[in-house]
Amino acid sequence: MVLSECYGFVKYGLVCVNLIFSAVGLAAVILAVWMLTGQTFLMSLVHEQHNFNAGLYILLTAGILMLIVCFLGCCGAFRGSQCMLVAFFSCLLVVIVAQIAAGAWLYSNSNRLEELVKSAVIDTVKNKYGEDARHTETVDAFQSELECCGATGPSDWIGSKYSTQSPSTPISLTVSGDVNTVYKVPETCCKTKDSNACKAARNIKVATVVSPEIYNEGCMDKLIVTLKNQKNVVIGVTAGIGILELLGLIFSLILCCANASSDRYKA
C-alpha cells in the first residue's frame, strides 16, 4: 500500500514537473519566434545580427526540445514505458548539459556583451536616430523611461545625423568648435515634454551649460545598470528550473526502476 502511494506520488510529481517544462519550452519558442519576426528592442540595437539570430535559433531549438522532453516524460509516466522514461532522462540530461555550457559561455563573455551593448547605443545615437524609424522609437523609449539623454550625455548629439540634418538647427556642426555652433537633442531628452521650455532648451550651444530642462545623464550606464539589476531574477529563475530538472531526473529513475522490478515479478 505504501509502495503504491509512493509510486503514485512520484508518477504525478513527474507529470507536474513536465507541465512546468512545457510552459518553459512554450515560452522559449514564443520568445524566439517573436524576436526573430518582430522589431524588438534588442533587435533594433544589435550589431552582430547573424550571431544574434544564431542565438535565437538555439533558443528556439531548446524550447522545442523541452516540449519533446515534456511529451516523453508525461507519456512515460502514465504508460509506465521504460523506453520513454529512458528517452526522457537522456534528453533532459542533454538539456541540462547545454544549459550549463550556455551559462559558462555567458559568464566568460559578460564583458564582451556589455561592450556590444555600449557600442550599439552609441552607434544608434550617432548614426541611426532620425534615419530609421525602428531605431528612433527605441532611443525615444529608453530616453523617456530611463530619464536620460544620449549615450553618455546630451553632448553625444553633437555631430549626430539627427542634429546636423534637423531643419530647426541653424548651424550645421562640422569640425568647428565655435561656441555659437548649435546642436539639437530629441524631445525625449526633456524632463517636461511638449512645453515651450523644452522647445527652447533642445537647441544647445556647444561648450555651454545644458539647460536643467534637459536630462544631463547618459543612457548607456543606466541601461547597463538596468540589465544588471535583472541578473538576480534570471539567476533565481534558472536555479528554480535547475531544481525541477533535477527532480525530473530523480523521478524518472525511480519510475524506471519500479517498472523494471514490476516486469521482473510478472515474468
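The values are calculated or read from the model by the stated rules, or taken from the named source; none is laboratory data. These figures come from a predicted structure and were not determined experimentally. Note that we place each Cβ from the backbone using ideal geometry, even for glycine, and neighbour counts take in every protein chain shown. The protein model used for the area step is the full one, side chains on, heavy atoms only, and it has no ligands, DNA or RNA in it. Shrake-Rupley method; radii C 1.70, N 1.55, O 1.52, S 1.80 Å.
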Subject >> Under Karplus coefficients 6.51, -1.76 and 1.60, residue-wise ³J(HN,Hα) of segment 78-88 in Hz, glycine/proline x >> reply: 6, 8, x, 8, 5, 4, 5, 5, 5, 5, 4
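Could you report segment 79-154's accessible area per residue, 1.4 Å probe, as an integer in Å²? Each step should come with its number before you reach the end.
Working: 4080 Å² over 76 residues.
Each residue of segment 79-154 exposes 54 Å² on average to a 1.4 Å probe.
How many Å² of accessible area per residue for segment 186-239, probe 1.4 Å?
Values: 3390 Å² over 54 residues.
Per residue, segment 186-239 has an accessible area of 63 Å².
By how many nm would the segment from Cys257 to Ala98 lengthen if fully extended, with 0.36 nm per residue of separation less the alpha-carbon distance?
On the way: separation 159, 0.36 × 159 = 57.24 nm, distance 2.62 nm.
Full extension of this stretch gives 54.6 nm more.
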Original post:
So who's got an amide H within less than 5 Å of the one on Ser81, skipping anything under 5 residues away but keeping other chains? H placed 1.01 Å off N, in plane.
Top reply: none
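Exactly which GluC sites (Glu not before Pro) in segment 47-147 are in a DSSP loop and have at most 13 other Cβ atoms within 10 Å?
Details: sites: Glu48, Glu114, Glu115, Glu131, Glu137, Glu145, Glu147; in loops: Glu48, Glu131, Glu147.
When the GluC sites (Glu not before Pro) of segment 47-147 are filtered for loop state and at most 13 Cβ neighbours within 10 Å, Glu48, Glu131 remain.
Rounded to a whole number, what % of the accessible area of segment 194-251 do carbon and sulfur atoms account for, probe 1.4 Å? Present the calculation step by step, with values, prior to reporting the outcome.
Working: 2290 of 3600 Å².
Ligands and nucleic acids excluded, carbon and sulfur give 64 percent.
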Original post:
For segment 217-228, what does the Karplus curve 6.51 cos²θ - 1.76 cosθ + 1.60, with θ = phi - 60°, yield as ³J(HN,Hα) per residue in whole Hz, taken in order and with x for Gly and Pro?
Top reply: 8, x, 8, 4, 5, 5, 5, 4, 4, 4, 5, 5
**OP:** Would you mind checking which residues have amide H under 5 Å from Gly130's amide H? H placed 1.01 Å from N; only 5 or more apart, or other chain.
**Re:** Thr136
